[in-house]
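J.: Here it is, the structure, as structure tokens.
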Amino acid sequence: MKVKQISVFVENKSGRLCEVTKALSKQSINIRALCIADTSDFGILRLIVNDPAKAVRVLKEEGFTVATTDIVAAEVPDIPGGLAGVLEILGGRGINIEYMYAFVGKEKDNAVVVLKMEEIEEAIAVLQEAKVKLLRESELYKF
Amino acid sequence: MIWNLEYESMSRPRLEELQLKRLKKTINRVYERVPFYRDKMTAAGVKPDDIRGLDDLKYLPFTTKQDLRDNYPFGLFAVPMDEVVRIHASSGTTGKMTVVGYTRNDLKVWAQVMARTFAAAGGTSYDRIQVAYGYGLFTGGLGAHYGAEMLGATVVPISGGNTKRQLQIMRDFKVTMLACTPSYALYMAETAEEEGIDLHEFPLKAGVFGAEPWSEQMRAQIEAKMGIKAIDIYGLSEVIGPGVASECLEQNGLHINEDHFIIEVIDPETGERLPDGEKGELVFTSLTKEAFPIVRYRTRDISLLYSEACACGRTLKRMNRILGRTDDMLIIRGVNVFPTQIENVLLEIGEVEPQYLLVVDRKGNLDELEIWVEISEKLFSDEVRKLEDLEHRIKNEIISTLGISARIKLVEPKTIPRSEGKAKRVVDKRDLYSS
């Protein structure tokens, strides 16, 4: 139930984000979700794309430093308290979240929350036990 | 293999006797033939006859790069131009070029000392040597070329640049030795990695690397990436070019070709001679050169000497690898900083590729050092916290080893300009030398 996220090192210079997205679009890679963590000098762009392996290759060819990370994508009801429910389950078991971000799908009434955790295997077991729907790669890319 | 067994393993007393004889001849030669040296010696109150022992060398005035520039182009030549068969020059990054000349015999000596260098790196007539130093006015290319030919090896005179072609030729011609700058060797290894070429499958066994200072860690990297022995060599055009000193396969100090050059180590501030084992500026005097003899040339290179015997059998004194230069030494908030020290810190921090740039600026009255470090895949993380930790680790390590605080800036790969020759490591924006 682990899915792949790619991360790209980008300096805080105008046009760098555009370079990343242009490189991906040229190869018809679609971005499903993204988030940026930034400092004063650089940012880390995290992306969920429809073809992570190809995206890594394309970005490396463009000279970017890229990493692939395992994350968990959980489907949560798009209603007040939907996210809190999931976080409570993890918090209750002492699982620490490194970072997270969320997006809402095109058709369904549910949202997807992307979670990065050190203890990913344990988190998956706990969430599945609590009947939280975790998305497979194929489902996530279509979501 | 020892190329000139007699000279390279001479007993100390015999060597010193030879040096003294040659020194006297050189001093007489410059006094008679080069007005610059005669005037300087006269001003210092020294005559050629005052040189009775090797130690008397210390009474002679130093020669500096500025002296060479002031006598541009041929003012320091000691033979008529019809005896000069070759000219070399070093690029003038600050001002005029420095120009040197060679007689036919000088070229023979030069080829001899470079043949010694290749032999010390394990070379024989069975080797194929790719000379990727630049050919031209720079001494690297032609110096290595004629030395390799003297050795009887098969020379591939490819010169610098066009890295992919270098790799193709290296593979197709089954090259066994490479001669170039260490930064270019590393660049070649990186290019090979990018191209998916495994250099370990090549018959390449050794590299003869010089013309710029490099660190022990950089050597380890080159050796690992290329699967070779990386040999440090030393030379400068003002003395002869490459071939002044070279490591043997022991890789523990560079044997100086003392039958052709006398080395001294001095305190760069006072000019006083320092004993073996103490760090200072290297000063060279040529003993056999005809066209461009040089007396007590201040190299601005910093190193130290060892006189203990070497396991290879050579009796020639050894110098340590170059530890820095008196003129790329940065003084930041009163602290002397050599770029190589920072390089060592970065390498020790954890497989950081040595791609870095020091940017020194002055804000108000305070010097600021910013260190740009290219982020490699090994260091990159998707978590900000880990990258910030990395910055802190580098910062703390710099403080503990150098005693200065620096701002660390992680930058994208290939941000730092990479030349195919000498790597640029410092940008000093302080403009310290303008009035």
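The values are calculated or read from the model by the stated rules, or taken from the named source; none is laboratory data. Keep in mind the model is a prediction, meaning the values are calculated, not measured. Glycine gets a Cβ as well: all are built from the backbone with ideal geometry, and neighbour counts include every protein chain shown.
J.: If a residue counts only when it is over 19 Å from residue B:156 (Cα atoms), which strands (runs of 3 or more DSSP E) contained entirely in the range B:174-255 have at least 3 such residues? Working first, answer last.
T.: On the way: elements: B:177-180, B:206-209, B:229-236, B:241-247.
Counting at least 3 such residues, we get B:229-236, B:241-247.
J.: Six or more apart or on different chains, Cβ atoms under 9 Å: show the pairs whose first residue is in the range B:396-413 and on the phi > 0 side of the Ramachandran plot and whose second is in a strand (DSSP E or B) and surrounded by fewer than 18 Cβ atoms within 10 Å (Cβ to Cβ).
T.: Close Cβ pairs satisfying both conditions: B:403/B:335.
J.: Could you list, in sequence order, all residues of the range A:1-48 that are assigned to a loop (DSSP other than H, G, I, E, B), away from every other protein chain (no Cβ under 12 Å) and farther than 30 Å from residue A:126 by Cα?
T.: Listed by number, the residues that qualify are A:14, A:15, A:27, A:28, A:29, A:30.
J.: Which numbered condition in (1) modelled with pLDDT under 95; (2) among the β-branched types (Val, Ile, Thr); (3) over 30 Å from residue A:59 (Cβ atoms) is the only one that residue B:208 fails?
T.: Every listed condition holds for residue B:208 apart from (1).
J.: If I filter the range B:361-379 down to residues being at pLDDT below 90 and among the hydrophobic types (A, V, I, L, M, F, W, C), which single residue comes out as farthest from the chain's Cα centre (by Cα)?
T.: Out of the qualifying residues, it is B:366.
J.: I'd like to verify a number: residues in the range A:33-45 that are modelled with pLDDT of 95 or more and under 20 Å from residue A:138 (Cβ atoms), how many?
T.: Qualifying residue count, the range A:33-45: 0.
J.: Only one of A:65, A:69 is touching a Pro at 6+ places or on another chain (Cβ under 9 Å), under 24 Å from residue A:115 (Cβ atoms) and modelled with pLDDT of 90 or more. Can you tell me which?
T.: Numbers: A:69 fails: touching a Pro at 6+ places or on another chain (Cβ under 9 Å).
The match here is A:65.
J.: Condition first: at pLDDT below 95, part of a strand (DSSP E or B) and among the small types (Gly, Ala, Ser). Can you find one or more residues in the range B:153-166 that meet it?
T.: Scanning the range B:153-166, I find no residue that is at pLDDT below 95, part of a strand (DSSP E or B) and among the small types (Gly, Ala, Ser), so the answer is no.
J.: Could you tell me whether any residue of the range B:232-239 is within 26 Å of residue B:260 (Cβ to Cβ), in contact with a strand residue (DSSP E or B) (Cβ under 6 Å, 6 or more places away or on another chain), of a type in the set (S, T, N, Q) and at pLDDT below 95?
T.: Yes, some residue in the range B:232-239 is within 26 Å of residue B:260 (Cβ to Cβ), in contact with a strand residue (DSSP E or B) (Cβ under 6 Å, 6 or more places away or on another chain), of a type in the set (S, T, N, Q) and at pLDDT below 95.
J.: When you go through B:103, B:98, B:117, B:139 one by one, which is the residue that is of a type outside the set (D, E, K, R) and in contact with an Asp or Glu (Cβ under 6 Å, 6 or more places away or on another chain)?
T.: Numbers: B:98 fails: in contact with an Asp or Glu (Cβ under 6 Å, 6 or more places away or on another chain); B:117 fails: in contact with an Asp or Glu (Cβ under 6 Å, 6 or more places away or on another chain); B:139 fails: in contact with an Asp or Glu (Cβ under 6 Å, 6 or more places away or on another chain).
Result: B:103 is the single residue among B:103, B:98, B:117, B:139 that is of a type outside the set (D, E, K, R) and in contact with an Asp or Glu (Cβ under 6 Å, 6 or more places away or on another chain).
J.: Still on this structure, I have one more. Search the range B:253-281 for residues being in contact with a strand residue (DSSP E or B) (Cβ under 9 Å, 6 or more places away or on another chain) and loosely packed, with under 14 Cβ neighbours inside 10 Å, and hand back the single one that is nearest to residue B:327 (Cα to Cα).
T.: So the residue we want is B:267.
J.: On the given criteria, is residue A:69 in contact (Cβ under 8 Å) with a residue 40 or more places away in the chain and within 10 Å of chain B (Cβ to nearest Cβ)?
T.: Yes: the conditions hold for residue A:69.
J.: Filter the range B:41-69 down to residues that are free of Cβ contacts under 8 Å to residues at least 24 places away in the same chain and either loosely packed, with under 15 Cβ neighbours inside 10 Å or not assigned by TED's automatic domain parsing to the domain that holds residue B:301 (or both), then give me how many there are.
T.: Selection size over the range B:41-69: 11.
J.: Taking residue A:113 as the residue in question, decide whether it is away from every other protein chain (no Cβ under 14 Å) and in contact (Cβ under 8 Å) with a residue 40 or more places away in the chain.
T.: Details: away from every other protein chain (no Cβ under 14 Å): yes; in contact (Cβ under 8 Å) with a residue 40 or more places away in the chain: yes.
It is true that residue A:113 is away from every other protein chain (no Cβ under 14 Å) and in contact (Cβ under 8 Å) with a residue 40 or more places away in the chain.
J.: Looking for something assigned to a helix (DSSP H, G or I) and not small (Gly, Ala, Ser) - is there at least one such residue anywhere in the range B:125-135? Steps first, answer last, please.
T.: From the range B:125-135, those assigned to a helix (DSSP H, G or I) are none; that's our starting set.
Taking every residue of the range B:125-135 in turn, none turns out to be assigned to a helix (DSSP H, G or I) and not small (Gly, Ala, Ser).
J.: Follow-up. Could you please find all residues in the range A:49-79 being assigned to a loop (DSSP other than H, G, I, E, B) and charged (D, E, K, R)?
T.: If the condition is that a residue be assigned to a loop (DSSP other than H, G, I, E, B) and charged (D, E, K, R), then A:51, A:62, A:78 are the ones that fit.
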